[in-house]
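Report on the following structure.
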């Protein structure tokens with residue numbers, strides 16, 4: 001009999017959904033706090049439903065030979081070792097949209113609390129004081145709200161703020177001009193948003209690009225007296241820099257639901273009258289918890305009983321018959337999309353997949369989904385091969401496919417083209433012995449395998465570049481595994497796609513960019 005373990009606090013409706021589908025349920029919320037008990041309980045279960053208390057570690061996954069799917073009731077999957085689950089053939093699912101309204105409402109509530117000093121006034125009044133003149137607040141009417149991130153949650157916040165007659169501006173590299181018009185927000189670059197916003201609220205995932213997006217430098221560029229709200233992810237704000245900005249008055253106040261370290265039982269920001277704090281309550285409403293519980297139960301049941309996949313983070317929607325044929329091409333599309341996405345730093349307006357040769361006779365939808373998900377992954381949390389196309393379309397990003405029966409140089413090729421407000425970038429690849437390779441970047445031909453760590457350099461094709469780069473890498477102790485070159489013409493623009501044994505750090509990357517004739521350089525990870 002199919003069995004599912006629920007090891008965190010979930011709505012009873014989740015149990016009812018699973019049992020109604022004929023699935024046996026073990027419901028023990030206490031297990032999430034005890035890894036040893038979890039290890040003993042997991043064997044024999046085919047599905048595992050969790051929230052944030054349980055940690056799906058590599059050790060627990062390795063000790064669960066019957067497990068086929070892990071379902072996270074909520075967005076964040078920081079507590080799941082996804083690579084370990086993938087290696088074990090376990091699907092990982094979440095519910096990225098079930099608590100969007102609740103989180104957006106909490107951000108609005110925090111903005112009100114910050115503007116009117118409600119928590120402080122409440123505490124003072126309960127203490128028998130009547131300090132009416134102490135709590136001079138600020139109106140939201142007519143103020144400018146800056147959104148850092150304007151996806152699902154950010155767009156809801158924008159709608160609510162407009163109802164308060166606030167002016168809404170947004171910074172989001174993946175927000176198209178058309179979508180901004182539709183939402184009624186003004187799209188800005190980050191530095192322009194910082195200079196104009198009276199209130200700033202963050203609604204972006206925590207990635208390498210967004211970590212400490214509000215650091216000391218960014219905070220120094222804000223309008224003096226700005227108020228900042230973060231109900232998204234800890235780590236988006238440099239807390240030490242925020243403290244300094246509060247001390248100087250550059251920032252008038254902050255409302256924080258998330259912190260760099262959680263549970264946050266001790267923090268230098270605690271105890272300040274200009275800071276409002278809540279313990280990660282963004283999704284903490286009865287409605288949201290019921291929504292995500294029912295959704296994850298339905299997704300787990302569908303996967304275990306029918307093989308249907310919804311909101312999977314580590315697999316595409318592929319039938320058992322198609323899988324062997326599609327596998328190498330899905331891997332190729334994913335790698336090409338990831339490369340294209342990592343090299344794209346401005347607003348995306350469209351993504352096109354061009355298929356040529358033998359691949360056109362296959363189901364290309366999973367390939368397109370894999371490429372789009374990988375292309376958007378650097379900036380968007382929760383995007384996966386199942387929801388990538390719909391997420392892109394919700395943001396006004398046009399997804400298209402073209403097919404041609406003939407492939408001039410190879411039996412089958414895939415080209416990923418990302419269009420932005422400033423131009424477009426195309427990368428073509430093929431499979432060699434089932435392994436994905438890059439065969440063309442724009443109009444430049446080259447042949448390169450993918451590696452976990454890579455370096456992409458654009459330079460003028462001048463003598464001595466390769467030697468200087470090699471010397472620099474050697475001095476830094478970074479070994480070059482492969483070195484692949486392409487160029488338009490002798491002496492013109494050239495590219496180097498270099499595989500390294502170790503990641504290229506920020507200091508080394510800066511030195512590469514400072515080399516003569518180097519136009520740009522970027523570290524890549526696959």
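The values are calculated or read from the model by the stated rules, or taken from the named source; none is laboratory data. If you're wondering where the values come from, they're calculated on a predicted model, not measured in any experiment. Here the Cβ positions follow ideal geometry from the backbone for every residue, glycine too, while neighbour counts run over all protein chains shown.
Only one of (1) in contact with a helix residue (DSSP H, G or I) (Cβ under 8 Å, 6 or more places away or on another chain); (2) modelled with pLDDT under 95; (3) outside the structural domain of residue 211 (by TED's automatic domain parsing) fails for residue 49. Which number is that?
(2)
Can you tell me which of (1) surrounded by 16 or more Cβ atoms within 10 Å (Cβ to Cβ); (2) under 29 Å from the mean Cα position of the chain (by Cα); (3) outside the structural domain of residue 333 (by TED's automatic domain parsing); (4) not in a helix (DSSP H, G or I) is the one residue 508 doesn't meet?
(4)
The conditions are (1) crowded, with 21+ Cβ neighbours inside 10 Å; (2) modelled with pLDDT under 95, and residue 114 fails exactly one of them. Which is it?
Only one criterion in (1) crowded, with 21+ Cβ neighbours inside 10 Å; (2) modelled with pLDDT under 95 is unmet by residue 114, namely (2).
Given the conditions (1) in a loop (DSSP other than H, G, I, E, B); (2) in contact with a helix residue (DSSP H, G or I) (Cβ under 8 Å, 6 or more places away or on another chain); (3) more than 30 Å from residue 219 (Cβ to Cβ), which single one is not true for residue 65?
Among (1) in a loop (DSSP other than H, G, I, E, B); (2) in contact with a helix residue (DSSP H, G or I) (Cβ under 8 Å, 6 or more places away or on another chain); (3) more than 30 Å from residue 219 (Cβ to Cβ), residue 65 violates only (2).
Looking at residue 330 and the list (1) more than 22 Å from residue 105 (Cα to Cα); (2) buried (at least 18 other Cβ atoms within 10 Å of the Cβ); (3) at pLDDT 95 or above; (4) outside the structural domain of residue 25 (by TED's automatic domain parsing), which single condition is not satisfied?
It is condition (3) that residue 330 fails.
Regarding the stretch 257-268, can at least one residue be identified that is in contact with a helix residue (DSSP H, G or I) (Cβ under 6 Å, 6 or more places away or on another chain) and either in the same structural domain as residue 92 (by TED's automatic domain parsing) or touching a residue at least 40 places away in the same chain (Cβ under 8 Å) (or both)?
No: the stretch 257-268 contains no residue that is in contact with a helix residue (DSSP H, G or I) (Cβ under 6 Å, 6 or more places away or on another chain) and either in the same structural domain as residue 92 (by TED's automatic domain parsing) or touching a residue at least 40 places away in the same chain (Cβ under 8 Å) (or both).
When the residues of the stretch 304-324 are filtered to those that are over 24 Å from the mean Cα position of the chain (by Cα) and modelled with pLDDT of 85 or more, which remaining residue is surrounded by the most Cβ atoms within 10 Å (Cβ to Cβ)?
Selected residue: 304.
From the residues in the stretch 86-128 that are assigned to a loop (DSSP other than H, G, I, E, B) and over 32 Å from the mean Cα position of the chain (by Cα), which one is farthest from residue 308 (Cα to Cα)? Let's see the steps before the verdict.
Of the stretch 86-128, the ones assigned to a loop (DSSP other than H, G, I, E, B) are 88-90, 95-99, 117, 127-128.
This time we only want the ones that are over 32 Å from the mean Cα position of the chain (by Cα), so: 117, 127-128.
On the way: 117: 49, 127: 57, 128: 59 Å.
Applying the filter and picking the extreme gives 128.
Please go through the stretch 438-455 and pick out each residue that is part of a strand (DSSP E or B) and out of contact with any helix residue (DSSP H, G or I) (no Cβ under 8 Å at 6 or more places or on another chain).
Result: 439, 440, 441, 444, 445, 446, 447, 448, 449, 453, 454.
Just name the residue that is surrounded by the fewest Cβ atoms within 10 Å (Cβ to Cβ) out of those in the stretch 23-46 that are in contact with a helix residue (DSSP H, G or I) (Cβ under 8 Å, 6 or more places away or on another chain) and assigned to a loop (DSSP other than H, G, I, E, B).
Per the criteria, the residue is 28.
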